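Okay, structure first, notes after.
The values are calculated or read from the model by the stated rules, or taken from the named source; none is laboratory data. Given the structure is predicted, the values throughout are model-derived calculations rather than measurements. All Cβ positions, glycine included, derive from the backbone under ideal geometry; neighbour counts span all protein chains shown.
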Amino acid sequence: MEKLRILIVEDEAAIREGLIDVFIYHGYDVDYAEDGALGLEKALTSTFDLVLLDVMLPTMNGFDICNAIRQQDREQAIIMLTAKSSDEDIIKGLSLGADDYVAKPFSVAQLVLRVQSVLRRTQTVKEQNQQITLNSQRVVDCLNMSGQFDGEDIHFTRREIDILNYLHAHSQRPVSRQELLNKVWGYAEDVELETRTVDIHIAKLRRKIEVNSSDPQFLATIRGAGYRLIADDNV
């Protein structure tokens, strides 16, 4: 069986070498880059199942690398490592298309779990809708991860499409944050994670699909229960 390939872009030698050892131990084929420019070159010219990307790097920061990768490949799995856990940095990374983030200092065991969950999602072929009709003016093209709302072209990440598809498939009821982590992100049900990634992705989706993201009509919050997608083609 062919090993899954991970690219580690990290300039701190001790962290980089530790991560290389950990992921080789877990059976991955690992490549690495010590600075941002080399990391981007490798990400764009080679094939990797996942890019583990530090934010603070010499020559080019992780945010710019993530954005450049997404311009070429919206399906590339990316997890960002950040020394800052502020909402601003987390939101920026996820808004640029990262699948998840891990704040330093991090638990190696939790990082491995997050990598495994992202890879499990990307390696699994899921049945999904070809399109989701929110209303007559707002249709999401799931296959091409795009839409045109009010004359504006909208582009979605693979994670955003997965969220919309799961909410659409369970539109008769609210879906909790924990269920989304389990079913969309692929985390095991017995794993407890401190993460705001669901809330941030929901906020991103609202900015894309809603007329007014502060007064959502399609992606509703059901207090104490979770989120529900309200669309014209809900069954």
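Among the residues making up the stretch 202-223, those that are surrounded by 15 or more Cβ atoms within 10 Å (Cβ to Cβ) and touching a Pro at 6+ places or on another chain (Cβ under 6 Å) are 206, 210.
Mind listing whichever residues of the stretch 43-68 are under 22 Å from residue 110 (Cα atoms) and of a type in the set (Asp, Glu)? Those that are under 22 Å from residue 110 (Cα atoms) and of a type in the set (Asp, Glu): 49, 54. Given the criteria touching a Lys or Arg at 6+ places or on another chain (Cβ under 8 Å), at pLDDT below 90, within 30 Å of residue 109 (Cβ to Cβ) and surrounded by 16 or more Cβ atoms within 10 Å (Cβ to Cβ), does residue 226 qualify? Against the criterion (touching a Lys or Arg at 6+ places or on another chain (Cβ under 8 Å), at pLDDT below 90, within 30 Å of residue 109 (Cβ to Cβ) and surrounded by 16 or more Cβ atoms within 10 Å (Cβ to Cβ)), residue 226 does not qualify. Filter the stretch 36-45 down to the residues that are at pLDDT below 95 and either farther than 19 Å from residue 98 by Cβ or assigned to a strand (DSSP E or B) (or both) and list them by number. The answer is 45, and nothing else.
Residues are listed down the side, and each one gets a yes or a no for (1) part of a loop (DSSP other than H, G, I, E, B); (2) at pLDDT 90 or above; (3) more than 12 Å from the chain's Cα centre (by Cα):
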site: 71; (1), (2), (3): no, no, yes
site: 80; (1), (2), (3): no, yes, no
site: 85; (1), (2), (3): yes, no, yes
site: 88; (1), (2), (3): no, no, yes
site: 93; (1), (2), (3): no, no, no
site: 112; (1), (2), (3): no, yes, yes
site: 115; (1), (2), (3): no, yes, no
site: 118; (1), (2), (3): no, no, no
site: 121; (1), (2), (3): no, no, no
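Kindly indicate whether any position in the stretch 216-231 is closer than 21 Å to residue 90 by Cα, touching a residue at least 40 places away in the same chain (Cβ under 8 Å) and either of a type in the set (D, E, K, R) or part of a helix (DSSP H, G or I) (or both). There is no residue in the stretch 216-231 that is closer than 21 Å to residue 90 by Cα, touching a residue at least 40 places away in the same chain (Cβ under 8 Å) and either of a type in the set (D, E, K, R) or part of a helix (DSSP H, G or I) (or both). Against the test of being surrounded by 18 or more Cβ atoms within 10 Å (Cβ to Cβ) and of a type outside the set (S, T, N, Q), the options 73, 64, 54 yield a single qualifying residue, 54.
Residue pairs whose Cβ atoms lie under 6 Å apart, separated by 6 or more positions or on different chains, with the first residue in the stretch 141-163 and assigned by TED's automatic domain parsing to the domain that holds residue 197 and touching a residue at least 40 places away in the same chain (Cβ under 8 Å) and the second small (Gly, Ala, Ser) and in a loop (DSSP other than H, G, I, E, B), are 157/97.
The set of residues in the stretch 32-51 that are within 21 Å of residue 116 (Cα to Cα) and surrounded by fewer than 16 Cβ atoms within 10 Å (Cβ to Cβ) comprises 46, 47.
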